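Remarks on the structure that follows.
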Amino acid sequence: MRSFYLLEESMCVIGEVGYFRPYATTEELHARLESKLSHFESMGRLLNNFLLGESVNVWTVQCGRLAAGLDVTEFVSVHLLDGATRTVSTHNQHRYDFSSRKRTDPPPADEGARLSLNWDGTIAQLPPLVAPLASPGDEDLVVQLEGSHPAPDIDSYINELMESQADTDFPWFGVLNYGSPTSVP
């Protein structure tokens, strides 16, 4: 059982499917998060998944066990054209009725917003990985969900996995195999 960071990217708030990607190094993780700051065009509008309510979490897996979680949206700033700056987490709060998990449009005026990642703040909150460490390209990385939840306040698919196993004799125990780490060019 090796240690690595597990990046969760999902739109679980509006019911879309998300996914997990393992990263063996902070450099790989940083490159992936930086690439998410770019906008894409859709129907004549520049969009960014962070601003559409994407949930982005980093989970620390120590020796195969989920040990800590971090909501990345608290470390990404939105710089709006009107001069206002706030975190993505704060910016997106009004978009959803979290109790019903539905969007509460209209979205804010964030067209043309610039995003920036506070990487130093992010990395300072991530526990260092303990040996044995995963390496880029490793296969069959495993996460065991057992014990107390390391970050219950983070909106995550992991919460749903825990709930689905709550009626068992061993709450939220299971093995999740996420395949091999994805190297970011």
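Only one residue in 184, 143, 78 is at pLDDT below 65, buried (at least 16 other Cβ atoms within 10 Å of the Cβ) and not in a helix (DSSP H, G or I). Which one? Walk me through it before giving the result.
On the way: 143 fails: at pLDDT below 65; 78 fails: at pLDDT below 65.
That would be 184, the only listed residue that is at pLDDT below 65, buried (at least 16 other Cβ atoms within 10 Å of the Cβ) and not in a helix (DSSP H, G or I).
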For the list (1) among the aliphatic types (A, V, I, L, M); (2) modelled with pLDDT of 90 or more; (3) crowded, with 18+ Cβ neighbours inside 10 Å, I need the number of the one condition that residue 66 fails.
(2)
So in the stretch 18-59, with the set limited to residues that are touching a strand residue (DSSP E or B) at 6+ places or on another chain (Cβ under 7 Å) and loosely packed, with under 15 Cβ neighbours inside 10 Å, which one is modelled with the highest pLDDT?
34
Just one listed residue, out of 133, 115, 129, is farther than 26 Å from residue 150 by Cβ and at pLDDT 90 or above, and it is 115
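The values are calculated or read from the model by the stated rules, or taken from the named source; none is laboratory data. Quick caveat: nothing in here was measured; it's all calculated off a predicted structure. In this analysis, Cβ positions are derived from the backbone assuming ideal geometry, glycine residues included, and neighbour counts consider all displayed protein chains.
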